[in-house]
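Below: the structure, in structure tokens.
The values are calculated or read from the model by the stated rules, or taken from the named source; none is laboratory data. All of these numbers come straight from a predicted model, not from anything done at the bench. Positions of Cβ are backbone-derived with ideal geometry, glycine not excepted, and every protein chain shown enters the neighbour counts. Protein only, heavy atoms only, side chains kept; ligands, DNA and RNA dropped before computing areas. Shrake-Rupley method; radii C 1.70, N 1.55, O 1.52, S 1.80 Å.
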Amino acid sequence: MELLMSARTKINPLLSFHFKKQNSNFVPTFTPRVTKRVFVGPIRVMNNPKSFNSVAASVQPLEASAVGRFDNTLPSKEVLDIWRNANAVCFDVDSTVCLDEGIDELADYCEAGKAVAEWTARAMSGSIPFEEALAARLSLFNPSLSQVQDFLEKRPPRISPGIDTLVKKLKDKSTDVYLISGGFRQMINPVASILGIPLENIYANQLLFGSSGEFLGFDTKEPTSRSGGKATAVQLIRKAQGYKYMVMIGDGATDLEARQPGGSDLFICYGGVQLRERVAAKADWLVFNFKDLINSLD
């Protein structure tokens, strides 16, 4: 179903970053987290990030079988106006910016892929609290620091077709771009590097490791570690930056949650990788190709 070409690059393990609320306001800052007990995981520094911008990929279009079942594949004038005038756009990462679900790929690398993928499907449909699903999935394979490092080296991120162009066009319009994910910073920081998104514009979870590299769990202080976390992240961003219009783009129930008072003004469902029908039906706009969003900005 997918024809993909990916590039490989050398990975340097560096300190990841941790969400910290400041006393003066709610602007998130990111500082290295260093304790005697915990090692934070690696991120990758790309020797040539632009080489990933030309990653070629094609996903079998879903429009033919799905478009007739939905009445939101063409945006209203109001939706278009908000989209074109958005001050900030927040993207989900797994199955949106990237073709894969990061935790599923890591679990597969650790030989627990099938069991974890089943939990992911339940979590993304909204049928189970996110924090419960996250803890359950990680407990099935307990990834060590060395496994995460090896995974990042051997399986570079696969970027969805058109996302690099869309992000560039938004940035050219002076629209701020954020990555908001229930995945892990260790796997998302490299994606941000590819797309030229500042690390401080990432809201995601953090894997925790002990002094011997053993898995300890995840940081429950991150807003994205629990149900409603993406909505909380969007609200924090909006309060800190004072944006007039914000848009959330993603494929899952946790992305849909971000559209609420004080949060995102629009939810655009991207169905180009995974089409979750209950989520898609409630979206302000359902798209299957990022070209639709790119062309609509002209």
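Going by the alpha-carbon gyration tensor, a ≥ b ≥ c the square roots of its eigenvalues, is the range 248-298 rounded (a/c under 1.5) or, if a/c is not under 1.5, prolate (a/b greater than b/c) versus oblate?
Taking the square roots of the gyration eigenvalues as a ≥ b ≥ c, the range 248-298 is oblate.
For labels at K221 and D71 in the simple 7 Å Cα→Cβ model, what's the distance in nm?
Simple spin-label model gives 4.8 nm for this pair.
Could you let me know the centre-to-centre spacing of the range 277-297 and the range 190-208, using Cα atoms, in angstrom?
23 Å
How about K169: which aspartates and glutamates have a C-alpha closer than 18 Å to its C-alpha, ignoring those fewer than 8 places off in the same chain?
Filter leaves D81, D92, D292, D298.
Carbon and sulfur together cover what percent of the accessible area of the range 194-279 at a 1.4 Å probe radius?
On the range 194-279, the fraction of accessible area on carbon and sulfur atoms equals 47 percent.
Taking loop as defined by DSSP and a crowding limit of 15 other beta carbons within 10 Å, which GluC sites (Glu not before Pro) in the range 76-180 fit?
Answer in residue order: E111.
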